[in-house]
Amino acid sequence: WRLLGLDRLERRATDARFGAARDGSARLRLDAELIGADPSQRARHRQQIRIEPSGVLHVIDTIEIPAAWSDVPRVGVVMRLPGEFSQLAWLGLGPHETYPDRKASGRFGRFAGTVAEQYVPYVVPQEHGHHTETRWLSLATEDGVGVLVAGARPFGFSASQYRAEDLSAALHMPDLAARGETVLHLDAAHRGLGTASCGPDTLPRYRVKPGTHRLSWTLAAGTGAGRQVIRL
């Protein structure tokens, strides 16, 4: 992944379009390329956003992975929220972390906890806290003000106090320092566990292949986030 430059992708905007609809909603389309170590190998990201008068956002992300990137860790979007958004709830598999190839012990239901509780203290800090087959999730302050994310189809997500680069740089838990923000990943696809560093590698069917990946989701803000489900 480092040889491909996936840890230092350069994002270049290629197009942006805005329009208004008769129902009062606004439409926004953003196109970009993601360039790695080899400029001839580029992923393409198209984000289509419909903003309702109420402020609810409907988003469709279409991400095309080039053939040269034959095995990537995850495909999706990431956003950073204030650290006060520390209260997490979700409807999907839980209560512990689940991954495409390690979810048989998860059960479907509504779960809640803090973002800090999603961290798993592996000997070496690494990817953690992912949840598969999610229908919706909420992140809120202790006062109940927050955001609700719902998917048109089941999706994966993780909420953490750390960025991916923080985990990659740390060799031991004391090397980690919470950033004072909540890092939310929404995943259209996520690789299974295992890197062959200790034990077998991830089975081929659990690897993220090149091609087109789509993620359709809705974002709403308000009080009582997580106590209601957005109708898509």
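The values are calculated or read from the model by the stated rules, or taken from the named source; none is laboratory data. What you see is a predicted model; the values in this text were computed from it and never measured. Neighbour counts are summed over all protein chains in view; Cβ atoms, including those assigned to glycine, are modelled from backbone coordinates with ideal geometry. All accessible areas refer to the heavy atoms of the entire protein, side chains included, with ligands and DNA or RNA removed. Shrake-Rupley method; radii C 1.70, N 1.55, O 1.52, S 1.80 Å.
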| field | Condition met for residue 222 (surrounded by fewer than 18 Cβ atoms within 10 Å (Cβ to Cβ) and assigned to a strand (DSSP E or B)) | value | yes
| message | Residue under question is residue 127, and the condition is that it be part of a strand (DSSP E or B) and open to solvent by less than 70 Å² (accessible area, probe 1.4 Å); does it hold? | response | no
| field | Subset of segment 48-73 [under 25 Å from residue 193 (Cβ atoms) and open to solvent by 60 Å² or more (accessible area, probe 1.4 Å)] | value | 67, 70
| field | Number of positions in segment 138-168 that are open to solvent by 80 Å² or more (accessible area, probe 1.4 Å) and modelled with pLDDT under 95 | value | 3
| field | Top-ranked residue in segment 54-83 [being assigned to a loop (DSSP other than H, G, I, E, B) and out of contact with any Asp or Glu (no Cβ under 8 Å at 6 or more places or on another chain); ranked as farthest from residue 191 (Cα to Cα)] | value | 54
| note | Going through (1) open to solvent by less than 60 Å² (accessible area, probe 1.4 Å); (2) under 22 Å from residue 103 (Cβ atoms) one by one, residue 181 fails only at (2)
| request: Inspect segment 203-211 for any residue being part of a strand (DSSP E or B), open to solvent by less than 60 Å² (accessible area, probe 1.4 Å) and within 26 Å of residue 2 (Cα to Cα) and give the result as yes or no. | output: yes
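Does residue 114 satisfy the condition of being at pLDDT 95 or above, surrounded by fewer than 15 Cβ atoms within 10 Å (Cβ to Cβ) and closer than 23 Å to residue 166 by Cα?
yes
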| query | Just checking, which of 42, 80, 11, 29 is surrounded by 16 or more Cβ atoms within 10 Å (Cβ to Cβ) and not hydrophobic (A, V, I, L, M, F, W, C)? | reply | 42
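For segment 14-23, give me each residue that is among the small types (Gly, Ala, Ser) and open to solvent by 50 Å² or more (accessible area, probe 1.4 Å). Before you say what the answer is, go through the steps one by one.
Quick first cut of segment 14-23, residues among the small types (Gly, Ala, Ser) only: 16, 19-21.
Selection gives 16, 20.
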